[in-house]
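Colleague: Input: one structure, supplied below.
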Number of protein chains: 2
Amino acid sequence: MSLLFRPLFEKESSTYTYLLADVDTKEAIIIDAVDNTQQRDIDLIEELGLDLRYIVETHIHADHITSSCPLKQRFRNAQIVFGAANLITCADILIKDGENLNFGSYQMIAMTTPGHTNGCMSYIVDDKVFTGDALLIRSCGRCDFQDGSAEKLFDSIQKIFTLANETLVYPAHDYVGRTVSSIGEEKQFNEMIGDSVDKDEFMRRVNAMDLSLPAKIHVAVPANQVCGTKIMADRT
Amino acid sequence: MSLLFRPLFEKESSTYTYLLADVDTKEAIIIDAVDNTQQRDIDLIEELGLDLRYIVETHIHADHITSSCPLKQRFRNAQIVFGAANLITCADILIKDGENLNFGSYQMIAMTTPGHTNGCMSYIVDDKVFTGDALLIRSCGRCDFQDGSAEKLFDSIQKIFTLANETLVYPAHDYVGRTVSSIGEEKQFNEMIGDSVDKDEFMRRVNAMDLSLPAKIHVAVPANQVCGTKIMADRT
């Protein structure tokens, strides 16, 4: 029993895509795949002879377009997975808190972590948690669009913080080139929500973020609500 | 006994910096640290309470300036490590093929892998090999400056390929966002030097690369030959 694990980076939106597989059975999962890098990901999956079973999204992204649909067109065994709170019809599986997906000897456990968007999920595999835009390294997701809620995000991060301190944290983004952290480290050093930050202070910090909208939001959100299909159709 | 391992990415030159530490003793090594991201790296080392022992370079880089000297100024226990073939005086240790550096319960084993430059080293820690610009993911380093030699690089990569197939390959760069490969995978899929490429064909491929010079080469190489000190002096 051995886990293949490949973090992959998309420079334009600083997005991490994660490819995981059981080395023995070749069954695989990909998390947050991006359209710009779909050929890289397809090549890798094919070279490694992986049997892609699940194309998983942590949430409906606003900063890039997913490659879920193109990947599904190429890998016919794969099912597209979103959190159940996302009101979309292109997903094959709308997963709920605590539900599992199996790939080979491994399990991916879903955890609802709303706040950045209402449909945000985190996923646990082995000693790793994929936190999407809920918990970032030393930071957290913004909460000012797509039914975001700083109050909910506080509770979600507390839920993530119930994992063991040694659990490795793999976020959907990092803008300064960090690739991984740990639960213990984020409890201690996260600048938005450390051990000493209460909900009111967290909400104040999140609401003070004052970020401009992602450049692609008006294209990316509608495209991602249909798993990227419309954009692909436009391009062909 | 547990290894802390943090790959870190510098976007401008697509360079990977690697921070490794023994979780118990906190003794740490950093490989190929970059000046642009030195504050990020200093913050991380300090937050984690690491005792930085070795600041290791795979080679004299031509595309970015090292942060070796600034790191050493901050972390006084640390020694700067270069391969012995590099004719520089700023290194504390000029390491030879097969020599080890210890950090806590872990060992880093040095391996000469000339070709991209004559002083190129790879380093083995645990199940990982840090290949610098010798072996890249699906590619390899260029050989057209700093005493590069495609013939030597062929032999160096064959030497790297004697490692177990499961060994994880962490290069100094990847330009399309891949972060890790394996020896078995590179033997099979490397586009420059797979199992079926002989030395003549490899040399032909390397010589056909036809790349423009790195934008920073005339600043970076002299700066890196003094471990980054002159540049730091200019900036203060």
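Colleague: Straight-line reach from A:Lys26: which aspartates and glutamates have a Cα under 12 Å away, not including same-chain ones fewer than 8 places off?
Modeller: Straight-distance partners of A:Lys26: A:Glu46, A:Glu47, A:Asp51.
Colleague: In nm, what does the list of distances from A:Asn100 to its counterparts in the other copies look like, shortest first, when each label sits 7 Å along Cα to Cβ?
Modeller: Here the equivalent label points are 4.0 nm apart from this one.
Colleague: How about B:Lys216: which aspartates and glutamates have a C-alpha closer than 17 Å to its C-alpha, ignoring those fewer than 8 places off in the same chain?
Modeller: The qualifying aspartates and glutamates are B:Glu10, B:Glu12, B:Asp32, B:Asp35, B:Asp63, B:Asp133, B:Asp144, B:Asp234.
Colleague: Report, for the protein assembly as shown, the % of DSSP beta bridges that are antiparallel, rounded to 5.
Modeller: About 65 percent, rounded to the nearest 5.
Colleague: Given +1 on the Cβ of Lys and Arg, -1 on the Cβ of Asp and Glu, and no further charges, what dipole in debye does segment A:3-235 carry about its Cα centre, rounded to the nearest 20? All intermediate terms of the calculation are to be shown ahead of the outcome.
Modeller: Working: 22 positive and 35 negative charges, 91 e Å.
Value, rounded to 20: 440 debye.
Colleague: Next question, about the same structure. To one decimal in nm, how far is A:Gln39 from the same spot in the other copies, if labels go 7 Å from Cα toward Cβ? Please give the shortest first.
Modeller: 3.8
Colleague: Taking 7 Å along the Cα-to-C-beta vector as the label spot, tell me the B:Phe189-A:Gln39 distance in nanometres, rounded to one decimal.
Modeller: Between B:Phe189 and A:Gln39, the label points sit 1.6 nm apart.
Colleague: Give me the orientation-averaged projected area of the Cα convex hull of segment A:50-144, in nm², one decimal.
Modeller: So the Cα hull casts an average projection of 6.6 nm².
Colleague: Can you pull the mean other chain C-beta count within 10 Å for peptide A:168-179?
Modeller: For this peptide, the per-residue mean of nearby foreign Cβ atoms is 3.
Colleague: Report the net charge of residues surrounding B:Arg204, where surrounding means a beta-carbon distance below 13 angstrom and charges are Lys +1, Arg +1, Asp -1, Glu -1. Spell out each step's value before the answer.
Modeller: Details: positive: B:Lys199, B:Arg205; negative: B:Glu151, B:Asp198, B:Asp200, B:Glu201, B:Asp210.
My count for the surroundings of B:Arg204 gives -3.
Colleague: Still on this structure: How much net charge surrounds A:Ser14 when only other residues with a Cβ under 9 Å from its Cβ are counted (Lys, Arg +1; Asp, Glu -1)? Show your work: numbers first, answer last.
Modeller: Numbers: positive: A:Lys11, B:Lys11; negative: A:Glu10, A:Glu12, A:Asp63, A:Asp174.
With Lys, Arg at +1 and Asp, Glu at -1, the neighbours total -2.
Colleague: What's log10 of I(q)/I(0) for segment B:1-93 at q = 0.18, 0.19, 0.20, 0.22 Å⁻¹, Debye sum over Cα points only, no solvent?
Modeller: -0.76, -0.85, -0.94, -1.12
Colleague: Tally Lys/Arg at +1 and Asp/Glu at -1 over every other residue whose Cβ is under 12 Å from the Cβ of A:Pro171; what's the total?
Modeller: -1
Colleague: Measuring label to label, 7 Å along Cα→Cβ, what does B:Gln188 give against each other copy in nm, shortest first?
Modeller: 4.0
Colleague: Please report, in debye to the nearest 20, how large the charge dipole of segment A:109-183 is about its Cα centre when each Lys and Arg carries +1 at its beta carbon and each Asp and Glu carries -1 there. Spell out each step's value before the answer.
Modeller: Values: 6 positive and 9 negative charges, 21 e Å.
Magnitude of the dipole: close to 100 debye.
Colleague: Just name one of A:Ser105, A:Gln188, B:Gly98: the one whose Cα is farthest towards the positive end of the charge dipole of the protein assembly as shown (beta-carbon charges, Lys/Arg +1, Asp/Glu -1).
Modeller: Working it through, the farthest residue towards the positive pole turns out to be A:Gln188.
Colleague: Could you name the aspartates and glutamates whose alpha carbon sits less than 15 Å from that of A:Lys96, not counting residues in the same chain fewer than 8 places away?
Modeller: Partners within reach: A:Glu57.
Colleague: Nothing charged except the Cβ atoms of Lys and Arg (+1) and of Asp and Glu (-1): what's the magnitude of the dipole of the protein assembly as shown about its Cα centre? Round to the nearest 20 debye.
Modeller: 560 debye
Colleague: Could you tell me whether segment B:87-227 comes out rounded, prolate or oblate from its Cα gyration tensor? Rule is a ≥ b ≥ c as square roots of the eigenvalues, rounded for a/c under 1.5, then prolate if a/b exceeds b/c, otherwise oblate.
Modeller: Since a/c reaches 1.5 but b/c is at least a/b, the shape of segment B:87-227 is classed as oblate.
Colleague: Going by Cα centres, segment A:145-181 and segment B:116-186 are how many Å apart?
Modeller: Answer, in whole Å: 34.
Colleague: Here's another thing I want to ask about it. Report, in cubic angstrom per residue, the convex hull volume of the C-alpha atoms of chain B.
Modeller: 111 Å³
Colleague: If you line up the Cα atoms of the protein assembly as shown on their principal axes, what length do they span on each, largest first, in Å?
Modeller: Between the extreme Cα coordinates on each principal axis of the protein assembly as shown lie 62, 50, 40 Å.
Colleague: For a protection proxy built on the mean count of beta-carbon atoms within 10 angstrom, sort A:93-99, B:13-19 highest first, please.
Modeller: B:13-19, A:93-99
Every number in this text was worked out from the coordinates using simple rules, so none of it is lab data. Predicted model only: the values in this text are computed from it and were never measured. We place every Cβ from the backbone using ideal geometry, glycine too, and count neighbours over all the protein chains shown.
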